[in-house]
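Notes follow the structure.
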Amino acid sequence: MKEKISKLIALQEFDLKLSGFDQDIEEKQQELTDREQSILDKESSISQYRERAEQLEQRQRDIKAAHEDAGVRIKERQNKMMQVQTSREHQALLKEIEDAKKLIKDTEEQLLQVMEQAEQAEAEAVELENVCAGEKELLAEENEKVAAAVKKLNTRRKTIFNKRNKLAKDVQDSTMKRYDKLLKKRDGLAVVQVVDGVCQGCFMAIPPQQFNEVRKGEQMYSCPTCQRIFYYQAPDDET
Ligand SMILES: [Zn+2]
């Protein structure tokens with residue numbers, strides 16, 4: 001029985017190592033995905049800034065047109081002034097000229113504002129483009145590094161994987177089935193120690209009688225709460 005359990009312990013160690021490799025590989029790939037996402041986000045911001053800059057440029061053209069129209073209107077009204085007879089007509093033209101002058105003043109201010117906003121949007125786009133270019137370069141480097149690291153991890157993983165499978169062949173089929181099922185169901189941890197009567201998988205206390213049985217190691221016991229397979233390892237001073 002002790003041998004059977006020690007095989008399961010070794011098997012569990014292999015499986016923990018394997019899932020450690022898997023996790024390392026996943027983390028490395030996640031890092032790349034995060035970097036890619038960061039670039040995509042920036043690219044989307046860049047096109048938003050560019051779109052805004054374009055809209056502002058269109059607005060500049062509209063304002064300029066209104067500005068020019070007002071200038072033309074002033075000249076027209078001034079020419080008309082010579083021809084009008086009544087003071088009412090004269091007043092009306094004066095009012096139109098005043099309005100157009102005010103429009104010219106307003107549009108000049110607006111134009112300055114909009115130009116400034118357009119320049120700002122463009123500058124934001126350019127700055128982000130520079131950041132993006134740097135991130136892309138870095139990503140290309142990281143891609144290579146990660147590929148090399150993952151290759152190494154996979155080689156080491158394969159060695160462990162083969163050892164694990166070789167050992168698994170040595171374990172009884174029914175036990176193996178139970179072990180694999182637990183491994184899947186219990187987050188990669190099927191075989192656990194009991195320390196001071198507490199399951200190290202779910203950290204629930206087990207009845208003292210069962211703890212004594214586990215300590216003897218004559219049979220395979222499972223945690224009544226999480227069903228993980230128990231083993232007991234005497235503390236150094238006890239042996
Ligand atoms: Zn448990």
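Just so you know, all these numbers are worked out from the coordinates, no wet-lab data involved. Predicted model only: the values in this text are computed from it and were never measured. Positions of Cβ are generated from backbone atoms using ideal geometry, with glycine treated the same way; all protein chains shown enter the neighbour counts.
Take the chain, connect every pair of alpha-carbon atoms lying under 10 Å apart with a spring to form a Gaussian network, then pick out the residue of Ala148, Ala190, Ala92 with the largest mean-square fluctuation. So, out of Ala148, Ala190, Ala92, the one fluctuating most is Ala92.
Using a Förster distance of 35 angstrom, determine the FRET efficiency expected from the C-beta separation of Lys169 and Met204, and round it to 0.05. Efficiency at R0 = 35 Å is approximately 0.60.
Positive-end ranking of Phe21, Ala53, Phe161 along the dipole of segment 14-171, with charges on Cβ about the Cα centre, is headed by Phe161.
Taking the highest mean first, how do the peptides 229-235, 136-142 order by number of other beta carbon atoms within 10 angstrom per residue? Don't jump to the answer; show the numbers that get you there.
Numbers: 229-235: 15.9, 136-142: 12.7.
So the peptides 229-235, 136-142, ranked by packing, come out 229-235, 136-142.
Hey, in the chain, which Cys have no second cysteine's beta-carbon closer than 4.7 Å? Lacking a cysteine Cβ partner under 4.7 Å: Cys132. Note on the chain: GNM, Cα springs under 10 Å; of Val194, Val84, Val114, the largest mean-square fluctuation is that of Val84. For segment 175-238, relative contact order (Cα pairs under 8 Å, six or more residues apart, normalised by length) works out to 31 percent.
Quick check for me: using +1 on Lys/Arg Cβ and -1 on Asp/Glu Cβ, what's the dipole size of the chain about its Cα centre, in debye to the nearest 20?
Using Cβ point charges on Lys, Arg, Asp and Glu, the chain gives about 1540 debye.
Between Leu138, Gly201, Gln227, whose Cα lies farthest towards the positive end of the dipole of the chain when Lys and Arg beta carbons carry +1 and Asp and Glu beta carbons carry -1, centred on the Cα centre? Result: Gln227. Of the peptides 36-47, 176-187, the order by per-residue mean of other Cβ atoms within 10 Å, starting with the highest, comes out as 176-187, 36-47. When the chain is treated as a GNM with alpha-carbon contacts under 10 Å, the residue of Gln78, Gln219, Gln120 showing the greatest mean-square fluctuation is Gln78.
For the residue pairs Lys17/Lys136; Lys42/Lys152; Lys17/Lys152; Lys7/Lys181; Lys136/Lys158, the C-alpha atoms sit more than 22 angstrom apart in Lys17/Lys136; Lys42/Lys152; Lys136/Lys158.
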